[in-house]
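What follows is one structure encoded as structure tokens, with my remarks underneath.
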Amino acid sequence: MEAGGHACTGALAGALTSSAIGGLTGADLGAAGTAVGALLGAGAALLPDLDADGATAYRSGGPITGIVGEVFQVLARIAYRRTRMPHDPAGDGEHRGLVHTPVFALVLGLLVGIGAQITQWVTAVVMVLVLAPGISALSRSGPRWVRRVLKTHRDLPAIAFALLITAGLSMSGAMADLGWYAGASLSVGMIVHSAGDSATRSGIPWCWPLRRPCAKCAVTDAGRCRGARWRRSHILPEPMRWRVGSKSGKRIERVIEVVCLLVVAWLLLPDLAALVRDVA
Ligand SMILES: [Zn+2]
Ligand SMILES: [Zn+2]
């Protein structure tokens, strides 16, 4: 899946997560809660592709996201080298490896949640790093007039908006309670990314670090093979998977983008109504 599809599915997941957290815990994230949740989810759903140079998220924050990306890639290569089995796919395991696994998403979210308990700066830095690519990718998928007016599809305005939202949350005193929420949004967004990739023909190693029968020997010689850890799996049956970047693939992803954005807009309605009531 390409950046637009990831950002829009992530935005929907993020908006639903913040509604659910609000409903379950009674936490009042304010009228902007769903919107911030959507933006966080969109950004988090771009993060796994930091394991590929040149991806939207990799380029979005200039040297900062570049450095995070390089660290992710080193971790991915180490994890692959340490845990690969003889029949695992060839290569260095960098792209669509460790950083695309649910285990990595959950650990990263947990670390952010724990870090946020130590200092709010963790939440603030993560917010900016995640919001900036989310804002620019969503602006590229959304209606054209938003792009014309706000220019948020460009990196600098997107970073400026991310800083603005983070500063706003900090000044309203909300930042102190947002640590676990930011961590949870991060994990959910990243797992939604992996689901998106495994709806296409690419697939991701869902089960790492568990061992599964390898693709080659599962049929022929089940006894001798020790299985594979990095075998990629999918969430759609084979005929329904599309090839990333193909004409029909782009069409399918565009439909997914529009549907997700419409549902997010619908989820935002109660918040907007509350805002209007407050102002009036
Ligand atoms: Zn990916
Ligand atoms: Zn095998």
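The values are calculated or read from the model by the stated rules, or taken from the named source; none is laboratory data. Please read all numbers here as calculations on a predicted model, not as lab measurements. A quick note on method: Cβ atoms are made from the backbone with ideal geometry, for glycine too, and the neighbour counts reach across all protein chains shown. SASA here: full protein model, heavy atoms, side chains in, ligands and nucleic acids out. Shrake-Rupley method; radii C 1.70, N 1.55, O 1.52, S 1.80 Å.
Assessment of segment 4-13 against the conditions (over 12 Å from the mean Cα position of the chain (by Cα), away from ligand 2 (no atom under 16 Å from the Cβ) and not aromatic (Phe, Trp, Tyr)) yields no matching residue. Every test in (1) closer than 21 Å to GLY41 by Cα; (2) buried (at least 23 other Cβ atoms within 10 Å of the Cβ) is passed by TRP208 save one, and that test is (1).
Results for (1) modelled with pLDDT of 85 or more; (2) within 20 Å of GLY109 (Cβ to Cβ); (3) of a type outside the set (A, V, I, L, M), shown as yes or no for each residue.
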{"position": "HIS6", "(1), (2), (3)": "yes, yes, yes"}
{"position": "ASP28", "(1), (2), (3)": "no, no, yes"}
{"position": "ALA31", "(1), (2), (3)": "no, no, no"}
{"position": "GLY41", "(1), (2), (3)": "yes, yes, yes"}
{"position": "ARG59", "(1), (2), (3)": "no, no, yes"}
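The residue list GLY189, GLY196 contains one member that is closer than 17 Å to VAL125 by Cβ, part of a helix (DSSP H, G or I), within 16 Å of ligand 1 (Cβ to nearest atom) and in contact (Cβ under 8 Å) with a residue 12 or more places away in the chain, which is GLY189. Can you list residue pairs whose Cβ atoms sit under 8 Å apart, with the first residue in segment 17-46 being farther than 16 Å from VAL112 by Cβ and in a helix (DSSP H, G or I) and the second being modelled with pLDDT of 90 or more and of a type in the set (Phe, Trp, Tyr)? Count only pairs 6 or more apart in sequence or on different chains. Correct list of pairs: empty, since none qualify.
Can you find a residue in segment 90-99 that is within 16 Å of ligand 2 (Cβ to nearest atom), out of contact with any strand residue (DSSP E or B) (no Cβ under 7 Å at 6 or more places or on another chain), at pLDDT 90 or above and open to solvent by 20 Å² or more (accessible area, probe 1.4 Å)? No, segment 90-99 contains no residue that is within 16 Å of ligand 2 (Cβ to nearest atom), out of contact with any strand residue (DSSP E or B) (no Cβ under 7 Å at 6 or more places or on another chain), at pLDDT 90 or above and open to solvent by 20 Å² or more (accessible area, probe 1.4 Å). I'd like the full set of residues that are assigned to a helix (DSSP H, G or I) and β-branched (Val, Ile, Thr), limited to segment 137-154. Passing the criteria: VAL146, VAL149.
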